[in-house]
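The values are calculated or read from the model by the stated rules, or taken from the named source; none is laboratory data. Remember, predicted model here, so these are calculated numbers, not experimental data. Because the Cβ atoms are built from the backbone with ideal geometry, glycine has one as well, and the counts that use them run over all protein chains shown. Quick note on the areas: whole protein, heavy atoms, side chains included, nothing else; ligands and nucleic acids left out. Shrake-Rupley method; radii C 1.70, N 1.55, O 1.52, S 1.80 Å.
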Amino acid sequence: MAAGQQEEHEGGMATRLMRTRAATRAFILVERFWPRILPFLLIVALFLTISWFGLFRLMPDAMRIAIMAVMAALGAASLLGLRYVQMPGYTEVDRRIESANRLAHTPLSALSDRPSNAGDPMAEALWREHQERMASRIGPLEPDLPRTGIPARDPFALRALVVLLLVTGFAYSFGPLGGRIVDGFQTHSAVNVVPPRIDAWVTPPAYTGRAPVFLTARANADETSFTIPAGSELTLRVIGGSGAEIPVLQDGAGNETPVETVSDNAKPAQTARQSWRQFRTVLRQDGVLQLRDGETDIRSWTFLVTPDEPPTIRFSGEPRYAVNGTLELVHEMEDDYGPASAAADFERDESLAADTRPLYEAPDMPLSLPRRGSNKASKTTRDLTEHPWAGTRVRLTLTVADDADQTGRSKTKIITLPERPFTNPLAKALIEQRRIIALDANRKNRALELMDAITLRPEDTIDNKSHYLAIMSARTRLKTAHEDEDLRDVVDYLWEIARGIEDGDLTEAEKRLRAAQEALKRALEEGASDEEIERLVAELREAMQEFLREFAERAQQNPSMSSQLPQDGRELRERDLDSMLDQIEQLAKSGSRDKARELLAQMENMFNNLQAGRHQQQQGDGQQNQMREQMNQLGELMRRQQELMNKTFRQNQQQRGQQQGRQQQPGDQQGGQPQDGQNPGQQEGQGGMTAEEFAEALRRLQEGQGQLRSDLGEFTEGLEGMGIDPGQEFGDAGEAMGKAGDALGEGDGGEAVGQQGRALEAMRRGAEGMMQQMQQAMQGENGGSEPGGRANGSDLDPLGRPRASSGPDFDRSVKVPDEIDVQRARQILEAIRKRLGETLAPELEKDYLERLLDLQ
């Protein structure tokens, strides 16, 4: 047992001794290696410090090379001492351990020594005893710490200063002016002495109204991300620097594109403060701009580009025709920064032959632009009646474009271009020939045939000889014309002839007035100067006075024209128009040009109403009389239906009263026998009608209902002959009349009354629709399936009542109770009073019924 413990003790001591020897050997190696490698590490630290502080870039090449050579030499020399570093031996390690632990008589050496006289048992026993005594003295062992001797060689700790500079240089290298390790091995010119100055800014497109953004301004020093409009121009200027700075634009996919240099004055002879380079590019998508010097990123900015959406345009209502044929378009436009231009595009709505030879392009109609930021609908008015396409069926599409050359289109509408209404048959024929030539010059022979037809018997068809001579002159010019330009002259000449036949001298005043209006409107839209606006207002005032003067002369010659003027035209005074012109001029000069355009549009509508008066006077008399006759006829039909319904209701009430009397009579008499002096025949005829008389009355009512239905059919045929759609309402009325006649034939008065009421209501609805169509026809509206109609004036007088010229009211505004309504009201009152007379009725119900009768 004692032997085992001794072996275990010796084994543990041997392990500890081995560990201590290994640690001591390492410490001795450090003592020998560190003093010889430290100079080399300090030289490397100084090199890194100089590089990271960017000092190599500021040095001339000669100084840089000299410093690099000195450092390389010193570094190589410092490594020579490594040749003398030797590994410590076992004896040296044991002596170092014995010295560090103060062990006397070298016990570690005794443990490892061997006796010289091996083989002598006595000597070996004595030696083991000696080793055991030495081992008992060892105890716990500690390795000695390394002693390099560096503090003695560097008493001022300059090595710590080198380490401090190394750490500081490492942190400084991440800044914009920090250097790189490779700077010491690269050639640098003298211009790199001054760091580059960077100026960067973004200029949005002018149409956006956005201010430029200075990326390097002090206010944006901490900003790295900027939101800008698409199409913005990025400018980057680098002053000084190494000359190797290059801006690179990186898109979202990681693709890099160098920014183009637009100017560069850097020359070898210039100093860093004199050289500069400027770069420019257009930003159209998100990306990152990086300014690089070789592999180093000097600055970077992130851009979020807001795309410029295409503009949109749409109709706010159907195209309309003013009273004088002017085309009115109400539209809405939307764009990020406001539309730049808009127009109405016209295309003929017909398939053209391959050899079609039109003389004129589609009409040009620019649209009024809304104020920036406004979502209100805009109105554009333009007179296209003089264009050769007038009266042609076309496809109308609104187009809009913005400053970025993006376009938008509206839905296409099919309309007929408004044309000037001509009442003179000869003028109408000339306008038709003019249109034929203008739309296809190859149909010139057709136009010549039509001219020959209208001049075949001039003494019967042409009263004015000058008109005949003008037409023959136009025919001669048309026959000899072959070039397009000559044919256009003929087209213009035909227009002048037709206009002279229709209007005489007043047309010139209208033309001058309209030209002055268009010139002023165009000047307001294009932002003309105040002097130009003042000149155009003066021209418009002069043209207006001339037009009113000639219009007044014509009104004196034809007094009936005043009765056809709109109500507001009768109160129109010249001083009011002068006041409106003054307001237009003042608004334009004050900057409120949108308001000025609106006021000018109101004035145009006034003149349109004046110009349309005589056309209405020439065309409207006969048509109005015919329409008024139709309205009176419909009123008579409705009156007859009302009377027939009242008769049917009274007949039905009388029949029901007799039936109730016969049902109550047996209960009132004893034994069911008639009273003295009466017989059954006398009782049936007392106070009522016999069965034969009642059947005869129903037959007459049925005949009257059938005749009324026949008259309604003739009335609807008359409406169709006038070009008015009777609508579904009159058909429903006729159907209800037929059912009422069938009910009368079957003796069902209640059903007949109901059907007659439905017929009357359907006739009232049909009357309202007919009235609207008649008013549109009298005022010249297209209506129906043709898009585009003139705005109706109010059908009510200042008190809200229908005007006398609008025809009968047809019970639209005031409901007059008829006989049936009165009878029903009486029945309701009798039922209420009867219920109040019952003693068993609840008190709550009696209070409610008394409130209905307003007895309290």
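What to note about this one:
- Within the stretch 401-423, tally of residues that are closer than 19 Å to D349 by Cα, hydroxyl-bearing (S, T, Y) and open to solvent by 20 Å² or more (accessible area, probe 1.4 Å): 2
- Residue that is least open to solvent (accessible area, probe 1.4 Å) [pool: residues in the stretch 196-233 that are among the charged types (D, E, K, R) and within 31 Å of the chain's Cα centre (by Cα)]: E233
- When L426, L448, L456, L398 are checked against the criterion of being open to solvent by less than 70 Å² (accessible area, probe 1.4 Å), farther than 24 Å from A354 by Cα and over 48 Å from the mean Cα position of the chain (by Cα), L426 stands alone in meeting it.
- Residues that are open to solvent by less than 30 Å² (accessible area, probe 1.4 Å) and either modelled with pLDDT under 80 or basic (K, R) (or both) within the stretch 270-292 comprise A272, S275, R277, listed in sequence order.
- Scanning the stretch 425-464 for residues being in contact with a Pro (Cβ under 8 Å, 6 or more places away or on another chain) and over 17 Å from A498 (Cβ atoms) gives a total of 2.
- Scope the stretch 326-358; condition part of a loop (DSSP other than H, G, I, E, B) and open to solvent by less than 70 Å² (accessible area, probe 1.4 Å); matching residues: T326, D335, Y337, G338, P339, A340, D349, A353, T356, P358
- Among the residues of the stretch 234-259, those identified as of a type in the set (A, V, I, L, M, F, W, C) and either open to solvent by less than 40 Å² (accessible area, probe 1.4 Å) or not in a loop (DSSP other than H, G, I, E, B) (or both) are L234, L236, V238, I239, I246, V248, L249, V259.
- Sub-6 Å Cβ pairs linking a first residue in the stretch 40-61 that is farther than 17 Å from L177 by Cα to a second residue that is hydroxyl-bearing (S, T, Y), at least 6 apart or interchain, are F40/S78; D61/T187, ordered by first then second residue.
- Scan of the stretch 505-549 for residues that are open to solvent by less than 50 Å² (accessible area, probe 1.4 Å), more than 23 Å from S368 (Cβ to Cβ) and touching a residue at least 24 places away in the same chain (Cβ under 8 Å), ordered by number: L506, A509, E546, F547, L548
- Checked against the criterion of being within 30 Å of G175 (Cβ to Cβ) and either modelled with pLDDT of 70 or more or open to solvent by 60 Å² or more (accessible area, probe 1.4 Å) (or both), the candidates A26, A69 yield just one match: A69.
- Filtered by the rule that a residue be within 17 Å of H331 (Cβ to Cβ) and of a type in the set (K, R), the stretch 407-425 gives R409, K411, K413.
- Near pairs, Cβ below 8 angstrom, 6+ apart or cross-chain, from the stretch 150-171 (at negative phi) to any residue that is in a loop (DSSP other than H, G, I, E, B) and at pLDDT 85 or above: G169/F53
- Some residue of the stretch 334-345 being of a type in the set (S, T, Y) and either in contact with a Phe, Trp or Tyr (Cβ under 6 Å, 6 or more places away or on another chain) or in contact (Cβ under 8 Å) with a residue 60 or more places away in the chain (or both): yes
- Test: residue in the stretch 740-752 that is open to solvent by 60 Å² or more (accessible area, probe 1.4 Å), under 19 Å from G657 (Cβ atoms) and out of contact with any helix residue (DSSP H, G or I) (no Cβ under 7 Å at 6 or more places or on another chain): yes
- Residues of the stretch 293-325 classified as at pLDDT 85 or above and surrounded by fewer than 19 Cβ atoms within 10 Å (Cβ to Cβ), total: 14
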